[in-house]
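What follows is a set of notes on a single structure, which appears directly below.
The values are calculated or read from the model by the stated rules, or taken from the named source; none is laboratory data. Not measured: the values here are computed from a predicted model. Please note: Cβ atoms are built from the backbone with ideal geometry, for glycine as well, and neighbour counts cover all protein chains shown. Please note that ligands, DNA and RNA were not included when accessible areas were found on the heavy atoms of the full protein model with its side chains. Shrake-Rupley method; radii C 1.70, N 1.55, O 1.52, S 1.80 Å.
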Amino acid sequence: MASGVARVDLDGGPIKPMTICMIGAGGFIGSHLCEKLMAETPHKVLALDVYSDKIKHLLEPATLPWADRIQFHRLNIKHDSRLEGLIKMSDLTINLAAICTPADYNTRPLDTIYSNFIDALPVVKYCSENGKRLIHFSTCEVYGKTIGSFLPKDSPLRQDPAYYMLSEDASPCIFGPIEKQRWSYACAKQLIERLIYAEGAENGLEFTIVRPFNWIGPRMDFIPGIDGPSEGVPRVLACFSNALLRHQQLKLVDGGQSQRTFIFIKDAIEAVLLMIENPARANGHIFNVGNPNNEVTVRQLAEMMTQVYSKVSDEAPLEVPTVDVSSKEFYGEGYDDSDKRIPDMTIINRQLGWNPKTSLWDLLESTLTYQHRTYAEAIKKAMSKPVATS
Ligand SMILES: NC(=O)c1ccc[n+]([C@@H]2O[C@H](COP(=O)([O-])OP(=O)(O)OC[C@H]3O[C@@H](n4cnc5c(N)ncnc54)[C@H](O)[C@@H]3O)[C@@H](O)[C@H]2O)c1
Ligand SMILES: O=c1ccn([C@@H]2O[C@H](COP(=O)(O)OP(=O)(O)O[C@H]3OC[C@@H](O)[C@H](O)[C@H]3O)[C@@H](O)[C@H]2O)c(=O)[nH]1
């Protein structure tokens, strides 16, 4: 822990050190959450995942100041009898484990549904049966499409926040038809949210549900062919980073007209820490966690990333930096999209007094500096290898 000053919660009460069972700790969000907990708190983490690459720097060497506060357990929660024991040993369970890349939702819908619903069931059950608190990671995708997207394109009502603002306690969840398998993920996440809520209502489970709105930053996903499969399709930050690193055009799916709000991972992690340390204010709530001030179309994101990458790499951008592709070509049959995602921040503001800080430009500058430093050399090497001919 950084300082010896006693830490207090938002109501001035002392924060007692706790043991946290973090499932999916080896992923993007988990790695940042572990870093924060090790550097700034006295809490212990039982880190569960099938991979540990993204938290290796926190596990080794054994001389790290927090070495006795983090323990890695390599396990798959689908079939591992150690899960219940680890939850029982902890004060709080945080479940991050999921398949959560859109390229999988329509091509591996069964794995997606199992991962986001069936595999999360025992976690909820063990927390409920053993009287343990649960923070479960859901998604902004549970909102699906906005009400406004069903209005005529030129309707002035589309400008009215009532038709697009996404509020935890008021907005409906609007998904496309079943044959649009994109919604398999959102639907599974919605059902596990409902189950957790019902466990709270009927059996007294102490829970918090987090709905992240496009958290981005270093260590998100993988760069195809470098630290992930060559044919893999990660989320948009890694897709665009990969193209920039390789001096290729950024692909805009269906014209890049969809809108997103992006938040810097470090801002979002501050919100999660407040939830962890303020159970009286967080229990029983569903929280949007996003940055409503950082809204762009995907096309604008591509343009901004191109500019920022040119600045941090000192390389001139391509003359035509983007190319349009159809969603069918890029993701295959069954893809569909959320049109717009602006989080209503009323509830998280009221309960935890939290606000995001980092602008889109600043978070891209810091993230793309990391991408360039981490991958540019490896990509250069990979691209200079002669291509095998048959
Ligand atoms: N990053 C975002 O913007 C975002 C947005 C919305 C929702 N979420 C949700 O937040 C959570 C974490 O997302 P992330 O971006 O860190 O994704 P991630 O893929 O980087 O992390 C998920 C981790 O869970 C692990 N995992 C998956 N199945 C497992 C299993 N059966 N057993 C053990 N470990 C398993 C994976 O190995 C991975 O390390 C997910 O539930 C996701 O749906 C994230
Ligand atoms: O190369 C690309 C990749 C993606 N895109 C577009 O960029 C937008 C954002 O795509 P992302 O891959 O980041 O994923 P989405 O925002 O659609 O969904 C994400 O939202 C929240 C989480 O639950 C998940 O992490 C994921 O489902 C989409 O409109 C997508 O079609 C491109 O135009 N080009």
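For the chain, what relative contact order do you get, as a whole percent, if you take Cα pairs closer than 8 Å and at least 6 residues apart? Intermediate results must be reported in sequence, preceding the final value.
Working: 683 pairs, mean separation 65.4, N = 390.
The value is 17 percent.
Mind ranking 269-276, 355-362, 254-261 by how tightly packed they are, going by the mean number of other C-beta atoms within 10 angstrom, highest first? Working shown, then result.
Numbers: 269-276: 21.0, 355-362: 16.6, 254-261: 18.2.
For the peptides 269-276, 355-362, 254-261, the packing ranking is 269-276, 254-261, 355-362.
Filter 44/132; 145/189; 125/266 down to the pairs with a C-alpha to C-alpha distance above 23 Å, please.
Violating the 23 Å Cα-Cα cut-off are 125/266.
Using +1 on the beta carbon of Lys and Arg, -1 on that of Asp and Glu, and nothing else charged, what's the dipole of the chain about the Cα centre, debye to 20? Could you put the intermediate results ahead of the total?
Details: 41 positive and 47 negative charges, 101 e Å.
Rounded to the nearest 20 debye, it is 480 debye.
Work the Kirkwood hydrodynamic radius out for the range 98-376: mean of 1/r over every pair of different alpha-carbon atoms, inverted, in Å. Can you show the working numbers first?
On the way: mean 1/r = 0.0505 Å⁻¹.
Its Kirkwood hydrodynamic radius stands at 19.8 Å.
Any chance you could look up the accessible area of residue 326 with a 1.4 Å probe, heavy atoms only, rounded to 10 Å²?
The value for residue 326 is about 50 Å².
Apply the Kirkwood formula to the range 227-386: the hydrodynamic radius equals the inverse of the mean of 1/r over all pairs of different alpha-carbon atoms; give it in Å with one decimal.
Final number for the Kirkwood radius of the range 227-386 is 17.6 Å.
Under a straight-distance cross-link criterion of Cα-Cα below 20 Å, which aspartates and glutamates are reachable from residue 340, leaving out those fewer than 8 residues away in the same chain?
Partners within reach: 141, 154, 160, 168, 169, 254, 295, 303, 324.
If you roll a 1.4 Å probe over the chain with all protein chains in place, what percent of the accessible area is carbon or sulfur? Let's see the in-between values first.
Working: 9650 of 18150 Å².
With neighbouring chains kept in place, the figure for the chain is 53 percent.
Would you list, by chain and number, the lysines whose Cα falls below 16 Å from the Cα of residue 56, excluding same-chain residues fewer than 8 positions away?
36
Given a 1.4 Å probe and the protein chains all in place, what does the accessible area of residue 35 round to, in Å² to the nearest 10?
Its heavy atoms expose roughly 50 Å² to the probe.
Kindly provide the helix-only [θ] at 222 nm of the chain, computed as the sum of -39,500 (n - 2.57) over DSSP H runs of four or more divided by all residues, to the nearest 500 deg cm²/dmol?
Details: 14 runs with 145 residues, N = 390.
That comes out to -11000 deg cm²/dmol.
When only Cα pairs under 8 Å and 6 or more residues apart are kept, what is the percent relative contact order across the range 91-193? List each step's numbers first, then the result.
Details: 120 pairs, mean separation 40.1, N = 103.
Dividing the mean separation by the residue count of the range 91-193 yields 39 percent.
With the contact rule set at Cα under 8 Å and sequence spacing of 6 or more, what percent relative contact order holds for the range 306-390?
Numbers: 25 pairs, mean separation 33.6, N = 85.
About 39 percent, as a whole number.
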